[in-house]
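The values are calculated or read from the model by the stated rules, or taken from the named source; none is laboratory data. Treat the numbers as computed from the prediction; the structure is a model and nothing was measured. With ideal geometry, Cβ positions are generated from the backbone for all residues, glycine too; neighbour counts draw on all protein chains shown. The protein model used for the area step is the full one, side chains on, heavy atoms only, and it has no ligands, DNA or RNA in it. Shrake-Rupley method; radii C 1.70, N 1.55, O 1.52, S 1.80 Å.
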Amino acid sequence: MAATAAVALLLGLTTSAGARAADPRQPAGTPQVASAGTPEATAVGYSYAGGQESVTIENQHWVVASHESGRTSAHPGWDVHLSDEKLGAGLPRQNFAVRAGLNGGTAFATAGGFLSIIDQNRYDVPFLVVKLPSRSVTCGDFSEVPLNGPRVFVRKWDGELHEADRNAVARAESVTPATSATDTTTSDISVEVKPVSTTAQLTAHTPFQKYAGRNVVRQSGHEITLKVHGQSGTTVLSLLAGAVAVSC
């Protein structure tokens, strides 16, 4: 189910919480802000490079067996997949599920599944696969205690995925650049996956900018930092994956 073009902005739609979004991928834009004091919830499958591109859900329930971004203007050399393990780590497959909305006036958001990034390497194997545990936040009395961390797999020089220590910096080898659809020069990429623990980690990305300065914000999810070690220096990219927030 490849996404071939950016679609209309879904922020602020009044779709019921039980509905499923057909394709919530969106370009960067100005998020719609609810009136002061109104509970609000946002969840992203991913947000790339500060929100240049994202899969963002509000007031909807989005479940997908496989979502492919395609090689877009934000990353013409890479393809971001959600829940597409058929290329990768050999783990039991699962749908990617993202949900955000209100239940009886209480805001909630949840997200979880697999994220993988595919470059132009001849092996046609992702250089990164992250199994994201489901994360939930709410304005209610429920307080999630994360028991499982992410599982991280990186591609090595042999073209195979190898599981990395999720508490350490991993290294993907021989990765082609995100910025070009034709450049096959390869570099190594350092990969670090950390939990989202502050609102500032989220508000650096367009889908969550509206939460800056709000009195009560609860957040969860993961931030993936990619450091591309090229001949001209190191370039740093940040992605949010399975990230959620509510304001109460």
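Things to note:
- Candidate set: segment 186-196, residues that are of a type in the set (A, V, I, L, M, F, W, C) and in a strand (DSSP E or B); chosen: the one farthest from Tyr123 (Cα to Cα): Val193
- Test: Ala245 is in a strand (DSSP E or B) and crowded, with 18+ Cβ neighbours inside 10 Å: yes
- Annotation: of all residues in segment 155-181 being in contact (Cβ under 8 Å) with a residue 60 or more places away in the chain and of a type in the set (S, T, N, Q), the one that is nearest to Thr42 (Cα to Cα) is Thr179.
- Residues that are open to solvent by less than 60 Å² (accessible area, probe 1.4 Å), under 21 Å from Gly149 (Cβ atoms) and in contact with a Lys or Arg (Cβ under 9 Å, 6 or more places away or on another chain), drawn from segment 166-191: Ala172, Ile189, Ser190, Val191
- Residues that are over 12 Å from the mean Cα position of the chain (by Cα) and assigned to a loop (DSSP other than H, G, I, E, B), drawn from segment 197-238: Ser197, Thr198, Ala204, Ala212, Gly213, Arg214, Asn215, Val216, Gln231, Ser232
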